[in-house]
Amino acid sequence: MKRSIDNFGTFFSVINILLAFIFLIFPIIVAIIMSFDGRSYLGLFPPPEYSLRWYERFFSDAYYLQGLKTSLIIAIIATVVSTTIGVSAAIGLDRYQGIGKQALESLFLSPLVVPAVVIGFALLMFFAALGIFDGFTRLLGGHLIITFPYTVRTTLAGLVGIRKSLTEAAMNLGATEGQAFWDVTFPLARTGIVAGSVFAFAFSMDDVAVSLFLTSPQTYTLPVAMISMMRTNFDLTIAAAAVILMTFTLCLIIILDWVIGLDKIIGKGVYRS
Amino acid sequence: MNILELRNVTKRFGNFTAVDKVSFSVQKGKVLSLLGPSGCGKTTTLRLISGFENVDEGSILVSGKDVVNKRPYERNVGLLFQDYALFPHMSVEQNVAYGMKHRGFEKKLIPNRTNEMLELVKLIGFEKRKPGQLSGGQQQRVALARSLAISPEIILLDEPLSALDAKLRQELRFELKEILNTVNATTIVVTHDQEEAMSLGDSVIVMNEGKIIQEGHPTDIYEKPNSKFVAEFVGRSNWFNGNIVNKADDGILKIKTTEGFEFNILESLTPELSNGNYEICVRPERISLEKNEIIDEDSYINLLPGKVVDVAHLGPDIHTVIEVSNKRMIKVVEKYTGQVLKNNGTNVNLYFYPKDCIIVSSEK
């Protein structure tokens with residue numbers, strides 16, 4: 001009896017993994033295959049012939065290209081700024097031992113919990129109240145807010161394993177506090193910091209909910225462009241756009257794996273001696 | 001010459017006084033042990049000297065100059081951390097060279113000195129290893145080399161051997177002493193282990209609750225502790241409580257314990273006290289079970305009859321527990337020289353000299 005419960009448990013988890021695989025990976029594979037469809041109309045899966053026509057369409061469509069350009073610029077700036085602020089905030093939080101530490105930490109991570117639609121709407125009102133109507137500024141502001149929790153979170157995780165005595169040892173050996181940071185804290189927290197910036201980039205590239213509220217007719221991101229295209233003329237260019245969006249994120253992850261090793265980020269997240 | 005001098009140094013954390021008016025000095029090339037239980041303020045004292053905590057009152061002089069307002073990197077004080085604090089992402093070589101880079105050593109001299117230091121701690125051949133690939137003992141030696149490389153005026157060791165297992169500890173204690181001697185380093189060792197403190201230190205300071213209780217040569221600390229706390233901290237002891245009942249001539253006092261025993265003690269070892277109530281400590285190794293060994297004209301030798309309740313043979317020593325009155329146990333330690341072990345229940349006599357009775361105040 002005991003045994004059969006155990007066996008059932010194993011069976012159940014295998015089924016779960018299979019289901020997850022089917023629902024996570026299968027649609028993506030379908031989208032990728034469909035983006036190479038050679039038919040000029042939206043037909044059934046699988047395509048009878050293959051071509052790059054939807055990609056050609058994408059790269060000749062000024063509307064999509066504008067979206068991709070904006071997305072990339074916003075994502076890069078948001079990643080750099082959010083990493084810088086996030087790392088500073090995490091170091092501050094890590095050192096601060098007074099009252100309100102927990103509250104402050106929760107506050108910094110709150111954008112993770114608040115629905116993106118709420119953030120988008122709130123920001124729209126906020127920017128309007130401030131008299132900021134420029135699409136780029138609003139988008140950048142919104143993306144900073146949604147990416148910031150990731151950079152704080154992962155940097156904090158990276159700092160946890162770094163003993164205070166390491167910084168003190170550096171100072172005892174003649175390094176100033178700043179030097180101790182760059183020589184010891186930063187290299188040890190690097191995996192956490194880099195992981196944070198990757199998440200930031202990926203989430204910025206991917207975001208729809210917040211961006212939808214903050215775009216202007218001239219400034220919009222690629223996912224927003226995809227959504228509006230979906231409403232007006234639905235064709236497989238969207239599939240091509242999706243694959244391109246995915247490629248950017250994937251490239252980043254591959255580069256990252258090559259530079260520091262992904263297992264370190266996902267597995268341990270923290271460098272330990 | 002005093003390399004380091006502390007004058008009435010006080011440090012408070014909120015209402016808690018971690019270090020309370022502590023004054024001492026260390027001369028060039030000497031090793032001072034700071035001994036005390038955890039939380040007695042010894043580590044805080046080290047952190048005050050190295051500049052990681054700010055002094056509330058008093059002054060700290062390094063080579064005659066007050067360093068109280070100096071930052072850690074402005075003081076030439078080496079600190080060996082309890083966890084060694086080796087930089088895990090740097091090789092052994094880089095760890096040792098780190099301080100020299102920041103202390104403005106001439107660049108081309110650094111590799112040479114690094115090598116010299118690794119030779120000193122016998123780690124040649126380990127230059128490229130990362131700390132994670134070294135044993136605990138090796139890590140400690142890297143940390144020591146790293147601290148010594150910058151030629152600090154004084155080196156502070158925070159529980160240097162506590163992270164190692166017992167067997168390794170003895171070996172490394174000897175090695176540590178040798179290395180410190182080689183470079184003639186002025187040193188403070190903080191430890192809660194009395195053996196470590198006494199074997200490494202030229203002098204020992206016993207601390208408790210932020211205060212210095214006693215300072216002296218290791219032998220004096222052991223033989224002439226000034227309080228029950230020190231006596232208990234630096235060795236095993238049997239305690240009696242009693243009052244002076246009779247003052248004999250030739251410097252002998254008679255004391256009557258609460259159990260009703262009468263002991264002879266030396267007047268010269270007895271502090272003057274208002275209430276006349278004393279604690280008497282007899283070290284287990286100063287008590288003899290064999291009368292023939294102590295044939296002596298000393299008529300004042302103390303005798304206490306009892307019954308053996310436990311015998312443990314611990315290699316070089318035999319530990320015997322003897323019941324001298326109802327449930328009153330006395331520990332005795334003898335050297336094992338091949339003698340026949342006593343059976344439980346054997347009636348024995350305990351002998352000890354008045355000069356081996358340590359007398360301290362029973363007042364706190």
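The values are calculated or read from the model by the stated rules, or taken from the named source; none is laboratory data. Given the structure is predicted, the values throughout are model-derived calculations rather than measurements. All Cβ positions, glycine included, derive from the backbone under ideal geometry; neighbour counts span all protein chains shown.
Suppose we keep only residues that are of a type in the set (D, E, K, R) and under 20 Å from A:ARG190 (Cβ atoms) within region A:122-167. Which one would you say is surrounded by the fewest Cβ atoms within 10 Å (Cβ to Cβ)?
Our first condition is that a residue be of a type in the set (D, E, K, R); within region A:122-167, this holds for A:134, A:138, A:153, A:163-164.
Of the ones still in play, those that are also under 20 Å from A:ARG190 (Cβ atoms) are A:153, A:163-164.
Numbers: A:ARG153: 20, A:ARG163: 16, A:LYS164: 13.
Checked region A:122-167; the qualifying residue surrounded by the fewest Cβ atoms within 10 Å (Cβ to Cβ) is A:LYS164.
With respect to A:VAL224, is the statement that it is closer than 30 Å to A:LEU107 by Cβ and in contact with a Ser or Thr (Cβ under 6 Å, 6 or more places away or on another chain) true? In short, yes.
What tally of residues in region B:160-176 results from selecting those that are among the small types (Gly, Ala, Ser) and exposed (fewer than 15 other Cβ atoms within 10 Å of the Cβ)? Break it down stepwise before answering.
Looking only at region B:160-176, we keep the residues that are among the small types (Gly, Ala, Ser), and these are B:162-163, B:166.
Next, from what is left, pick out any that are exposed (fewer than 15 other Cβ atoms within 10 Å of the Cβ): B:162, B:166.
Residues in region B:160-176 being among the small types (Gly, Ala, Ser) and exposed (fewer than 15 other Cβ atoms within 10 Å of the Cβ): 2 in total.
Just the residues that are over 14 Å from A:ALA240 (Cβ atoms), out of contact with any helix residue (DSSP H, G or I) (no Cβ under 9 Å at 6 or more places or on another chain) and not in a helix (DSSP H, G or I), please, taken from region A:44-62. Matches in region A:44-62: A:LEU44, A:PRO48, A:GLU49. From the set of residues in region B:68-123 that are in contact with a Ser or Thr (Cβ under 7 Å, 6 or more places away or on another chain) and not hydrophobic (A, V, I, L, M, F, W, C), which is surrounded by the fewest Cβ atoms within 10 Å (Cβ to Cβ)? This residue is B:ASP83.
Check region A:84-101 and report whether any residue there is of a type in the set (S, T, N, Q) and more than 20 Å from the chain's Cα centre (by Cα).
So in region A:84-101, the residues of a type in the set (S, T, N, Q) come out as A:84, A:88, A:97.
Of the ones still in play, those that are also more than 20 Å from the chain's Cα centre (by Cα) are A:97.
Within region A:84-101, one or more residues are of a type in the set (S, T, N, Q) and more than 20 Å from the chain's Cα centre (by Cα).
Checking each residue in region A:229-249 for being assigned to a helix (DSSP H, G or I) and loosely packed, with under 15 Cβ neighbours inside 10 Å picks out A:MET230, A:ARG231, A:THR232, A:THR247.
Only one entry of A:PHE199, A:PHE121 meets the criterion of being more than 14 Å from every other protein chain (Cβ to nearest Cβ) and at pLDDT 90 or above, and that entry is A:PHE121.
Assessment of region A:169-191 against the conditions (in a helix (DSSP H, G or I), away from chain B (no Cβ under 14 Å) and at pLDDT below 85) yields no matching residue.
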